[in-house]
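Here's a structure for you.
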Amino acid sequence: MGTQGQHGERPFAIVTGASRGIGAAYARALAARGYDLLLVSRDKARLDQLASDLISRHDAAVYLEVMNLAEPGAAHRLYVAARQRRQHLDLLVLNAGFGLFGDFTAMPLPRIQEMLHLHIQMNVESIRLFLPGMIERLSGGIITVASLAGLFPVPYLAEYAATKAFLISFSESLAEEVRAFGVRVQVCCPGSTATDFHATAAFRPKSPLTAHQPAQVVRASLAALESGPLLVTIGWQGPLMEWLARCLPRTLLAKAAARWTRPHP
Ligand SMILES: NC(=O)c1ccc[n+]([C@@H]2O[C@H](COP(=O)([O-])OP(=O)(O)OC[C@H]3O[C@@H](n4cnc5c(N)ncnc54)[C@H](OP(=O)(O)O)[C@@H]3O)[C@@H](O)[C@H]2O)c1
């Protein structure tokens, strides 16, 4: 994916959860690389501010969709919104997500359902809708933002870790299905990153590792998109955690993770 779309127009990308954090960093990095953008989140004011910044700095065309992506039918609405703007999509960045921390039995059921919709249903349905067009044109990319937490069981973040594990497995399978069609599938697995994520999840990590910056996550992800690994981790900590997750027994990993996440003394 260069800086020119298929027919000489600028390439076109969607970023979900673009209002802040890692999603906003994807939007900034892609605009700087010459992409036009469709940015999605529920926060119109933040999206407006980001869009005007990107338009003035990079002369990008920036379209906005203020949308709750956890609602049923969101993927279809996003697909229709994208097709109204452009015939083809070059890059789909599925980044919107949130954490839910604590005893699973104390979590409100609507919030649990919201996460299942946002992390799984929305992402799977979006890929199902956008991927055929990419396969037909023998070009395109899909980045799904999962997490290092998807590589092992994480007590007190149980549903979060499991939905991210789903995204990792799904992306790894899909990448192989579409490889021959010139479509790149990547699953980006950041570790702790300095965003609003932890405040939203009501989670204060006790991990001794320093948090990444969103721009660092995005740099690693976009650098790997053309020819890097399909599962991207960040810095030196990411590959180390990935190696530990693959080598150690899962019961041991769950116990070790609980030492960092246990909410009770
Ligand atoms: N920060 C970390 O430590 C970390 C580590 C590993 C993976 N991740 C993953 O990185 C991704 C981005 O998170 P972040 O760290 O950048 O957190 P963040 O700063 O809290 O940003 C989350 C983004 O997701 C959007 N979002 C959440 N629920 C939504 C909904 N129902 N509909 C539409 N948009 C929604 C938010 O937009 P609005 O609130 O404006 O709607 C916001 O733009 C998530 O998938 C997260 O799981 C984060």
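Given G99, G150, which one is within 13 Å of the ligand (Cβ to nearest atom) and over 25 Å from G73 (Cβ atoms)?
Only one candidate passes the filter, namely G150.
Inside region 139-188, can you point out the residues that are in a helix (DSSP H, G or I) and more than 30 Å from M107 (Cβ to Cβ)? So that I can check it myself, show each step before the final result.
Looking only at region 139-188, we keep the residues that are in a helix (DSSP H, G or I), and these are 148-151, 158-181.
Residues satisfying the conditions are A175, E176, E177, V178, R179, A180, F181.
So H198 fits all but one of (1) more than 14 Å from the ligand (Cβ to nearest atom); (2) surrounded by fewer than 19 Cβ atoms within 10 Å (Cβ to Cβ); what number is the exception?
(1)
Condition first: part of a loop (DSSP other than H, G, I, E, B), in contact with an Asp or Glu (Cβ under 8 Å, 6 or more places away or on another chain), at pLDDT 95 or above and closer than 24 Å to Y26 by Cα. Can you find one or more residues in region 219-233 that meet it?
yes
Across region 154-186, which residue is surrounded by the most Cβ atoms within 10 Å (Cβ to Cβ) among those that are more than 18 Å from the chain's Cα centre (by Cα) and within 16 Å of the ligand (Cβ to nearest atom)?
In this case the residue turns out to be V154.
Among the residues in region 19-33, are any under 18 Å from the mean Cα position of the chain (by Cα), among the β-branched types (V, I, T) and closer than 30 Å to A149 by Cα?
The answer is yes; a qualifying residue exists.
OK, next. Can you confirm whether region 68-78 contains a residue that is within 16 Å of the ligand (Cβ to nearest atom) and either hydroxyl-bearing (S, T, Y) or closer than 17 Å to L222 by Cβ (or both)?
no
Run E125 past the list (1) over 18 Å from L38 (Cβ atoms); (2) in contact (Cβ under 8 Å) with a residue 40 or more places away in the chain; (3) within 15 Å of the ligand (Cβ to nearest atom); (4) not polar (S, T, N, Q) and report the number of the one that doesn't hold.
(1)
The values are calculated or read from the model by the stated rules, or taken from the named source; none is laboratory data. From a predicted model like this one, the values you see are computed outputs, not experimental measurements. Ideal geometry is used to build each Cβ from the backbone, glycine not excepted, and the neighbour counts take in all protein chains shown.
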